[in-house]
Amino acid sequence: MAGLIPQNFIDELLNRVDIVDVIDRRVTLTKAGKEYKACCPFHSEKTPSFTVQPEKQFFYCFGCGAGGNAIGFIMKHQNLEFAEAVETLANDAGIEVPRQTSPAQSRRSAEQRPLFECLELANKFYQRQLRQHPQRDRAVDWCKSRGISGVTAREFQLGFAPSGRENPLLHALGGDETARSNLLKAGLIIAREVEKTDDSGKSRFYDRFWNRVLFPIRDSRGRTVGFGGRVLGDASSKSPKYLNSPETPVFEKGRELYGLYEARKHKFNKLLLVEGYMDVIVLAQAGIRNAVATLGTATSAWQIQRMFRHAPEIVFSFDGDEAGARAAWRALETTLPLMADGKSARFLFLPEGEDPDSMVRKEGTEKFLERVENAQPLETFFFEHLSEDLKTDSIEGRAALSSKAMPLICELPESVYRQLMIDKLAEITGADKGALLKSAPVARKRDNDTEPPPWLGDSPEWEPPPQLSEPPKFAPDTPRRMSSETGGGRPNNRLIAIKHLIDLPKMALDNTDDLSPLLEVGGAAEKCLAGMIEKVRESPDIDRYALMEYSYSSSEVRSQLTNVLTAEKIEPADVGKLKREFLQILDETLARCSKKLRNKQLRDQLRAKTAANGHTEA
């Protein structure tokens, strides 16, 4: 159910659970004095640097910098988002999660609930047919011919829609008008044209899926939202090879990824995006558990952003034919605005006529993984594709390449990666970087990828892809991060500074400025940062856990900081760079708040003067 989780419930949950118990269920801890230690589950190490502090109820890894409370640990360990981690922790504690919903959210939930229930019943019905129906052998034989084991079929909940005109799903689940209405809204049945019905008792509806092996499509919470069906036998115009559920109030093809729910149960540092259900299933059976698939549509920015939230690298897999190259280029164009520092995209082109399903069965897991590791980096595919049909050894060809490449490079977020792409273009064309930048157009606005799907509207679970914005003026060697006051998937720079201060508390001693502007006119993050710096100034030997405890005392900062502490670490090359970034963020934040404070003081003086003049005249 969509809706905000009340803050007091989150506080109560954290008070009720013991972080040592939460982590020890998932990672074996060893007591070491007042703390507990283990080898970090988030990076490879031989000597334990992962510590849990029961008194403060926080964990911290001195090796990779991961840290946070029990919710943060669940998020990072199980690849969950904040609300899902709260639900997992609450389930472990046997507590139901309350939700605060707006009237619009309540209406949507009321509409969605019976559809989710209907789809889950249909999923169980189709699975039962695969086990029990007299025609099941046809579906079982097809699965065996594709190398699908019974274990894999159960994990992915494969089902069977029998052939014939009996409309078994409609008869099983459509007992009354309300049930039939829900089946229709969920896309499971189709209404006949009025002129094709008669008085012979023929139903006004018929099953959408028949004579097919069915693949349930599940959302991030494991709920069935739709189905894909593969026909048994030859395809035709009336019975296409693959058939998906239509879009419904709970299902939009461009917003879901087949196999992501199953993949998230496993550890991975990259996601492999393939084109079909069978690719995901056969790869999973071969031990490759990080594959997901689009649902018959071009890859959307929403899907790419979602994948980047779970892994820093995406490998796109396409057929090696012309259609595959076109699809790959569309995916590259969609990916460009999301390619922040620390993110990586590569492209795997298979031999013509092959797909991941056929290749892994033909070559085996090890050879296929070699192909994945040798996939083309985005920048290689980018420049090779744009250079096709151009004579880059001529001035005209290099100029044409520049005019084609710069508008696309400008769609990249302001980052080191973008600078390197410009450097590469300058190297290829021999053009001056300054001239390339002057000739660059304004980045074109993308389509409606930032709009929420119609059933989410103002739901707090919806998160738009990051927007391009003017970056802070960091030093040339300082890693750049996008700033966002309101979220959108990017932590603001004050939260980055708080994270750095938790990592290296003594950095606060390198600044002696008056912090009163942050405390007087700053937001929650600014006030938290100022308070942490004051604590270090008062107690230079303060430890990370005390600073973490202080930062988490602000309910307005807590959930955002959890996301920062559990995010993939984009770490500067050395401590010196980290200090420079921290001090630069602090200087810019102080300058902004000082200006804001001066303006406030001037307004107050003007109001006082105006009031005094009015009193004198009276």
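The values are calculated or read from the model by the stated rules, or taken from the named source; none is laboratory data. Treat the numbers as computed from the prediction; the structure is a model and nothing was measured. All Cβ positions, even for glycine, are placed from backbone atoms using ideal geometry, and neighbour counts span all protein chains on display. Surface areas here come from the heavy atoms of the whole protein model, side chains and all, with no ligands, DNA or RNA. Shrake-Rupley method; radii C 1.70, N 1.55, O 1.52, S 1.80 Å.
For Cα pairs less than 8 Å apart in space and 6+ apart in sequence, what is the mean separation divided by the residue count of the chain, i.e. the relative contact order in percent? Working shown, then result.
Working: 903 pairs, mean separation 64.2, N = 618.
This gives 10 percent for the chain.
In sequence order, what are the phi-derived ³J(HN,Hα) couplings for segment 401-414 according to the Karplus relation 6.51 cos²θ - 1.76 cosθ + 1.60 with θ = phi - 60°, rounded to whole Hz, with x for glycine and proline?
4, 4, 5, 7, 7, 4, x, 6, 4, 5, 7, 5, x, 4
With only alpha-carbon atoms counted, please give the Rg and Dmax of segment 314-406, in Å.
In Å, with Rg to one decimal and Dmax whole: 15.1, 47.
Name the residue from PHE227, PHE209, SER239 whose Cα lies farthest towards the positive end of the charge dipole of segment 206-274, charges +1 on Cβ of Lys and Arg and -1 on Cβ of Asp and Glu.
Going by the Cα projections, it comes out as PHE227.
I'm checking a number: the convex hull volume of the Cα atoms of segment 250-344, normalised per residue, in Å³. What is it?
Residue-normalised Cα hull volume stands at 98 Å³.
So what is the calculated 222 nm ellipticity per residue for the chain, using -39500 (n - 2.57) for each DSSP H run with n of 4 or more, over all residues, to the nearest 500 deg cm²/dmol? Spell out each step's value before the answer.
Working: 25 runs with 292 residues, N = 618.
My calculation for the chain gives -14500 deg cm²/dmol from helical runs alone.
I'd like to compare 357-363, 536-542, 305-311, 318-324: which one has the highest average count of other Cβ atoms within 10 Å, and what's the full order after that? Kindly include the intermediate steps, with their values, before the conclusion.
Working: 357-363: 17.1, 536-542: 12.6, 305-311: 20.7, 318-324: 15.6.
Per-residue mean Cβ counts within 10 Å order the peptides as 305-311, 357-363, 318-324, 536-542.
Suppose we keep just the DSSP beta bridges with both residues in the chain; what percent of those would be antiparallel, to 5?
70
Given the Cα-Cα distance of ASP11 and ASP176 and 0.36 nm per residue of separation, how much length would full extension add, in nm?
Here the answer is 54.9 nm.
Does segment 201-244 classify as rounded, prolate or oblate by the C-alpha gyration tensor (a ≥ b ≥ c root eigenvalues; a/c under 1.5 gives rounded; else a/b over b/c gives prolate, otherwise oblate)?
oblate
Between HIS385 and LYS596, what is the label-point separation in nm under the 7 Å Cα-to-beta-carbon projection?
4.1
List the residues whose amide H sits under 5 Å from the amide H of GLY68, counting only those 5 or more places along or on another chain, with H placed 1.01 Å from N in the peptide plane.
Residues meeting the criterion, in which the H sits 1.01 Å from N, are PHE59.
Only four residue types carry charge here, +1 at the Cβ of Lys and Arg and -1 at the Cβ of Asp and Glu. Report the dipole size of the chain about the Cα centre in Debye, rounded to the nearest 20.
Using only the charged Cβ atoms, the result is roughly 680 debye.
Largest first and to the nearest Å, give the Cα extent of segment 156-297 along each principal axis.
Per principal axis, max minus min of the Cα coordinates gives 60, 33, 24 Å.
Set the Förster radius R0 to 60 Å, insert the Cβ-Cβ distance between GLN135 and LYS46 as r into 1/(1 + (r/R0)^6), and round the FRET efficiency to 0.05.
0.60
Probe radius 1.4 Å, ligands and nucleic acids ignored: give me the carbon and sulfur share of the accessible area of the chain as a rounded percent.
It is 50 percent, rounded to a whole number.
Would you kindly derive the ³J(HN,Hα) couplings of segment 341-352 from the backbone phi angles with the Karplus curve 6.51 cos²θ - 1.76 cosθ + 1.60 (θ = phi - 60°), listing them in order in whole Hz, with x for Gly and Pro?
Along segment 341-352, the couplings run 4, x, 9, 9, 9, 9, 10, 9, 10, 8, x, 4 Hz.
What is the Cα convex hull volume of segment 77-128 when expressed per residue in Å³? Let's see the in-between values first.
Working: hull volume 6.7 nm³, N = 52.
It is 130 Å³ per residue.
Just to be sure I follow: if Rg is taken over the C-alpha atoms of the chain and Rh is the Kirkwood radius over the same atoms, what is Rg/Rh?
We get a ratio of 1.01 for the chain.
Which ³J(HN,Hα) values in Hz, rounded to whole numbers, follow from the phi angles of segment 176-185 under the Karplus curve 6.51 cos²θ - 1.76 cosθ + 1.60, where θ = phi - 60° and Gly and Pro get x?
Karplus-based 3J(HN,Hα) across segment 176-185 equals 9, 4, 5, 5, 5, 4, 5, 4, 5, 5 Hz.
Among VAL86, GLY276, PRO312, flag the residue with its Cα farthest along the positive direction of the charge dipole of the chain, charges on Cβ as +1 for Lys/Arg and -1 for Asp/Glu.
Looking along the dipole axis, the top candidate is VAL86.
So what are the radius of gyration and Dmax for the Cα set of segment 1-156, in Å?
Just the Cα atoms of segment 1-156 yield Rg and Dmax of 21.7, 64 Å.
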